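First the structure, in the form of structure tokens, and then the observations on it.
The values are calculated or read from the model by the stated rules, or taken from the named source; none is laboratory data. What you are looking at is a predicted structure, and each value in this text was computed from that prediction instead of being measured. Reconstructed Cβ throughout: ideal geometry from the backbone, glycine too, with neighbour counts over all protein chains shown. For accessibility, only protein heavy atoms count, side chains too; no ligands or nucleic acids. Shrake-Rupley method; radii C 1.70, N 1.55, O 1.52, S 1.80 Å.
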Amino acid sequence: MRKAITLFTVLFLCTFGAFAQQPDAEGCKDHPSFNRMPGFYITECKQNFDVVEMWVSDEKSLKIEGNKTQITYYFDMEKGQPPSFYQLTKNFENAIAKYGGVRKYLGSQESTLYYKNAGKEVWIQLYSASDVAETYTIVIVEVEAMKQEIVASDILEALNNTGSIALYINFDTGKATIKPESQTIIDQVAQMLTENPAMNISVEGHTDNVGNATTNQTLSENRAAAVKNALIAKGIDKARLSSKGWGQTKPIADNGTDDGKAKNRRVEIVKK
């Protein structure tokens, strides 16, 4: 089953009637932006920062990074007939219409929706086991990159003690364009190098194992080069810098978990 991505802005579905009487899974509740369809109860839920493959056509998908909420619902058959998957999708589609939201993809058992609110992108993916939604999962992804606060002295200390430091620099999804919120990390690395003119470094890119290994290798190389070029633009002599990519070959955490994947998507600064 394909995955999808999740967001945290406030919007509400149409009123569907009374909620199902079956108990929800412990610790689970509806996302604050969406009510459930009538007659359903929650069987599973989770929240984390992750990368999700979003389908926008039968042949094309996008990898979206952000804060993901995933909730699975099951229909209580004593409540009557479950909705069709198309009906389910239309209800969510109508709910986001007031935000200028659109449906990006519709299959018989999976759909992708998209909207912007308060300057943030929100992706929604719905999927079901069949075209009749006896059970359905909603994945909401809010595109807000994982933040890291670090100062030049922290970077210097790590390089002197261990020879390297992992930085979580945020890029546009699937690209090597550094996002504005990560400029402070670039500034701190540049400051550290300016204050320590004898130090040379290698900028090394790493990815998780999602997707094609060859593509991940190229992406890691391009992202490392982008950081190196950003430092050069800050006035650091290019002779002090080198860059390389390792793709998915050097994980530092378990790629079988969402948190592990997030840790593996990194740029390392290595003392030369």
Accessible area in the full protein assembly, largest first, 1.4 Å probe, for Arg36, Arg103: Arg103, Arg36
Exposure ranking of Ser33, Ser242 by accessible area [1.4 Å probe, largest first]: Ser242, Ser33
Helical mean residue ellipticity (222 nm; -39500 (n - 2.57) per DSSP H run of 4+; nearest 500) of the chain: -7500 deg cm²/dmol
Residues with amide H under 5 Å from that of Asn117, placed H, sequence gap 5 or more: Val122
Percent of C-alpha pairs per 5 Å bin, the stretch 16-140, short to long: 2, 11, 21, 24, 22, 13, 6, 1, 0
Which of Tyr86, Tyr73 is most accessible, then next, and so on - probe 1.4 Å: Tyr86, Tyr73
Fluctuation leader among Thr214, Thr69, Thr135 - the chain, Gaussian network, Cα springs under 10 angstrom: Thr214
For the stretch 24-63: accessible area per residue (Å², 1.4 Å): 51 Å²
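In whole percent, and with a 1.4 Å probe on the protein chains, what portion of the accessible area of the chain is carbon and sulfur?
Answer for the chain is 48 percent, counting heavy atoms of protein chains only.
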In degrees, nearest ten, helix 152-162 long axis to first principal axis of the chain (Cα): 80 degrees
Most mobile of Pro251, Pro38, Pro23 in a GNM of the chain (Cα contacts under 10 Å): Pro23
Total formal charge among the other residues, if their Cβ is under 13 angstrom from that of Ser243, Lys/Arg +1 and Asp/Glu -1: +3
Solvent-accessible area per residue for the stretch 134-272 (1.4 angstrom probe, square angstrom): 46 Å²
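What are the equivalent ellipsoid semi-axes of the chain, built from the alpha-carbon gyration tensor (square roots of five times its eigenvalues), in whole angstrom, biggest first?
Working through the eigenvalues yields semi-axes of 43, 17, 16 Å.
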Under the Karplus curve 6.51 cos²θ - 1.76 cosθ + 1.60, θ = phi - 60°, whole-Hz ³J(HN,Hα) for the stretch 31-40, x wherever Gly or Pro sits: 5, x, 8, 9, 7, 7, 5, x, x, 9
Relative pair counts by distance (%), Cα atoms of the stretch 18-76, 10 Å bins: 21, 39, 30, 10
Cα-Cα over 25 Å, subset of Lys98/Lys120; Lys244/Lys271; Lys46/Lys98; Lys120/Lys238: Lys46/Lys98; Lys120/Lys238
Derived scalar couplings ³J(HN,Hα) [the stretch 167-173; Karplus, 6.51 cos²θ - 1.76 cosθ + 1.60; whole Hz; x for Gly, Pro]: 10, 9, 8, 8, 10, 4, 4
Rounded D (µm²/s) - the stretch 173-253, Kirkwood Rh over Cα pairs, Stokes-Einstein at 20 °C, 1.002 mPa s: 162 µm²/s
Placed amide H near Val132: partners under 5 Å, 5+ positions off or other chain: Phe85
Top of Val141, Val52, Val151 by mean-square fluctuation, Gaussian network on the chain, Cα under 10 Å: Val151
HN-Hα J in Hz across the stretch 219-233 - Karplus 6.51, -1.76, 1.60, θ = phi - 60°, x for Gly and Pro: 4, 5, 5, 5, 5, 4, 5, 5, 5, 4, 5, 5, 5, 4, 5
